[in-house]
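Since the structure comes first, as C-alpha cells, the remarks are kept for the end.
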Amino acid sequence: MTAALAALLATGGALATPAAIGSATRCQHPGTRVVGRRGGAALLESGRNSNWTIHVFSCWEPTGRVHLITSQDQATEFSLSHVLFNGQFVAGDAHEVGFGGDSASEGDEIFSVDARSGRTLQDLTPPGVENLGDVPGETTNLYALVLAGDGGLAYIGSAYRPCPAAIGLVVADRAGHRTLDCPVKGEQPSQAIAGLRLHGLTVTWRHGGITHSARLG
C-alpha cells in the first residue's frame, strides 16, 4: 500500500480538501493500477509485481475517497474478474489460488461496494468443493454476476446450502445472502442454471427450460 493511500484510509478515506484538478486524477495514486472506472467510481489495486500484499480499493473520483475492499497475500495466485459498475456501486470477484505442500485451494471473494460513501455492502466467500484432480484441494467457481443499482447482486456459481453440488443461483441484498436455485441430479447441461439477467431490481435466469425471477430487496 502506498503512503498516500495509507494516509487517506487513516482519515476515513476522504480528501479533506480535494485538489482543484480534474476528477479523473483523484483516483490515480503512485503504485496503483486502475482496474476499471465508470460514472465516478473506480476500482484500483496496488502491490502487483512486488513482494507486497495485493490490496484492492474502490475510489470515488469526485472526492477522491478510497475504501479498502480486500487484501491478498502475494504468495498466492490472484486475479480480479467480473468487475461491474452501476452508478456509485462497484462489484467483482477476487479469486485466489493458494498452494500448500501437495494440495491447492481456490477461493472467491465476491463483493459489492458503495464507492461514494466508502462502504462494503456485500462480501461473500462461498464454500468450496473437494477437487480430486492431480493436485487435490478445494475449489470454487463463478460463472455469471450481475450488480443492481442499489448495490445488491446475484450470481451463478459456488453456492451455499442447500445446493448439494455447490453450484447454484445466489442473491445478496439488504436482507443478506440466500441460495434460490440448485441443480437437479442427472440433469443435462442444456437444462442447467444459466442466462442470468438483471432488469432494474429483478433478476431472471433459466433452469430446466423455465425462466425464473426474484426481486432484490
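The values are calculated or read from the model by the stated rules, or taken from the named source; none is laboratory data. Just so it is clear, the model here is predicted, and its values are computed rather than measured. Every residue, glycine among them, receives a Cβ derived from its backbone with ideal geometry; neighbour counts consider all protein chains shown.
Values computed for the structure shown
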quantity: Among (1) out of contact with any helix residue (DSSP H, G or I) (no Cβ under 9 Å at 6 or more places or on another chain); (2) modelled with pLDDT under 95, the one test that Gly149 misses; calculated: (2)
quantity: Candidates Glu187, Glu130 - the one that is modelled with pLDDT under 95, surrounded by fewer than 16 Cβ atoms within 10 Å (Cβ to Cβ) and not in a loop (DSSP other than H, G, I, E, B); calculated: Glu130
quantity: Of all residues making up the range 83-122, the number that are hydroxyl-bearing (Ser, Thr, Tyr) and either more than 26 Å from Trp60 (Cβ to Cβ) or at pLDDT below 95 (or both); calculated: 2
quantity: Test result for Gly217, of a type outside the set (A, V, I, L, M, F, W, C) and farther than 25 Å from Gly107 by Cβ; calculated: yes
